[in-house]
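The structure appears below as structure tokens.
Just so you know, all these numbers are worked out from the coordinates, no wet-lab data involved. This one's a predicted model, so the numbers in the text were calculated from it and none came from an experiment. Counting neighbours? That spans all protein chains shown, and the Cβs are built from the backbone with ideal geometry, glycine included.
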Amino acid sequence: MRRIQVRVNGTTYEHEVEPRLLLVHYLREVLNLTGTMVGCNTSNCGACTVLMGGESVKSCTVFAVQADGREITTVQGLAENGDWHPMQTAFHENHALQCGYCTPGMIMASISLLEEKPDPSEEEIREALEGNYCRCTGERRGDPGGPRRQLLPLHGLREHNQGCSAGRRTVQLEREAWE
Amino acid sequence: MIPVAFDYEVAESVDHAIQLLGQHGEDAKLIAGGHSLIPIMRLRLAAPSVLIDLDRLEDLRYVRDEGEHLAIGALTRHRDVHNNELVQEHCGIVGYTAGLLGDPSVQHRGTIGGTLAHGDPAGDMPAVIAALEGTLVVQGPNGERTVSASDFFQDYLFTDLEPDEVVKEVRVPKLGPDTGWSYKKFSRRSQDWAIVGVAAVVEKSNGNIDSARIGLTSMGSTPIRASAVEEALSGASPDGVAEAANSADEGTEPATDDAASAEFRKHLARVWTRRAVEEALNR
């Protein structure tokens with residue numbers, strides 16, 4: 001066991017943890033911050049994305065002991081005094097989600113992008129969200145037929161690529177809103 | 001999907017890391033960003049008894065202009081390599097390739113020293129450093145030494161690094177205005193491993209090719225130099241590129257796996273070598 005001190009969403013926590021405990025499990029099971037999701041467990045899907053020192057990381061591929069002394073922000077730490085973060089509001093207003101499972105990760109990755117590049121191009125938004133998978137709407141595998149095609153107009157973009165088009169569009173709208 | 005239990009040590013300095021490696025023996029493993037190591041630990045393909053964390057060694061995160069070459073600290077994260085102005089100006093191929101590794105969240109953790117020390121022939125950076133004829137600075141109990149990329153990568157996930165050595169720095173040449181470069185990565189999905197990748201660094205003079213260095217990703221158990229292409233391109237005109245690229249697979253023994261057959265990889269190596277050299281000539 002090893003003692004760690006981590007500041008999560010503005011609160012400092014101290015715990016004895018096993019070195020093999022992953023950050024995502026520390027957040028969910030020790031701190032009960034279940035807004036951060038577990039998806040693929042292999043650092044591909046991005047459902048577990050949180051900010052570490054202000055930068056997006058996949059918390060399934062960081063040991064909790066590596067977060068010792070660091071500042072972590074999860075989707076549950078974004079709102080201030082009950083007011084949503086502008087990115088949360090933007091996702092909500094644009095209905096940039098369907099089942100919602102990928103949304104916390106999408107929001108955290110989007111915030112990290114705008115921290116690094118306040119005015120990203122369409123291509124930069126695509127690249128920034130390529131590590132966040134949306135199973136409802138997002139991946140272009142040839143022509144999406146059947147029910148998936150019906151869903152496309154809902155998210156405002158007919159042409160889909162990797163990542164979540166709804167998330168991408170929202171970041172663009174958000175960017176415009178911040179200008 | 002939970003790793004085997006291990007002990008965890010934080011290295012306070014490179015010397016301390018080497019001392020810890022000596023103390024814990026061959027079952028100890030260094031960890032930096034962990035984006036190669038943690039997934040294979042989760043799959044239980046690796047089960048080190050001790051992890052020695054280098055990630056607190058902030059003084060190994062830097063990019064320095066050292067005249068003929070750039071020195072990049074081993075702990076420099078991919079995202080910082082990608083965004084670094086010195087790298088973009090003097091060795092664009094390294095910055096470009098760092099931006100291809102995984103996605104931004106992965107690049108916020110992974111380090112250039114880590115991806116090289118991992119020695120995966122499907123990794124993109126090893127072939128790039130090989131084509132650049134870069135060198136690695138490693139330190140062990142008896143001090144520092146430098147190793148050329150061609151000597152460093154020895155076999156699949158196996159490098160010249162001794163069990164008690166640490167990669168400290170990567171040195172890459174500063175490319176002049178007459179040097180073009182390209183890294184072409186063929187994969188079916190974004191952020192996938194390269195099925196085949198080709199790094200080309202081409203010295204140009206008066207519209208012709210003076211010399212070229214070609215590094216191949218995923219064409220064998222280590223990153224490979226396409227030496228037959230390099231010979232054919234020496235002093236060649238741009239018209240000779242297509243024919244020269246036809247020998248890109250010469251002497252290679254790529255794997256057949258779920259992603260591609262060996263035969264298809266050889267085909268890809270020829271086609272993408274041509275495209276990479278053409279792009280390098282125009283850059």
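Cβ crowding within 10 Å ranks B:T256, A:T74 as B:T256, A:T74, fewest other Cβ atoms first.
With a cut-off of 11 Å on the backbone N, the residues of the range B:176-206 near the modelled label site 7 Å out from B:D257 along Cα-Cβ are B:193-196. Listed values for the range B:120-137 are Karplus-derived 3J(HN,Hα) couplings in whole Hz (6.51 cos²θ - 1.76 cosθ + 1.60, θ = phi - 60°), namely 8, x, 8, x, 7, 5, x, 5, 5, 5, 5, 5, 7, 6, x, 10, 10, 9, and x replaces Gly and Pro.
Positive end of the dipole of chain B, charges at C-beta (+1 Lys, Arg; -1 Asp, Glu), about the Cα centre: which of B:V128, B:L161, B:S237 has its Cα farthest in that direction? With unit charges placed on the Cβ atoms, the residue in question is B:S237.
For B:K185, the lysines whose Cα falls under 22 Å of its own Cα, not counting residues fewer than eight places away in the same chain, are B:K266. Panel order for B:L45, B:L268, by other beta carbons found within 10 Å of each beta carbon, from fewest to most: B:L45, B:L268.
Across the range B:251-266, computed HN-Hα scalar couplings (Karplus, 6.51 cos²θ - 1.76 cosθ + 1.60, θ = phi - 60°) run x, 8, 10, x, 7, 9, 8, 4, 7, 6, 7, 4, 4, 5, 4, 5 Hz from first to last residue, x flagging Gly and Pro. Take each residue in A:41-52, count the other chain C-beta atoms within 10 Å of its C-beta, and the mean is 4.
Note on B:W272, B:W193: ascending count of other Cβ atoms within 10 Å places them as B:W193, B:W272, the fewest first.
Helical runs assigned H by DSSP (4 residues or longer) give the protein assembly as shown a calculated mean residue ellipticity at 222 nm of -8000 deg cm²/dmol, each run adding -39500 (n - 2.57) before division by the residue total.
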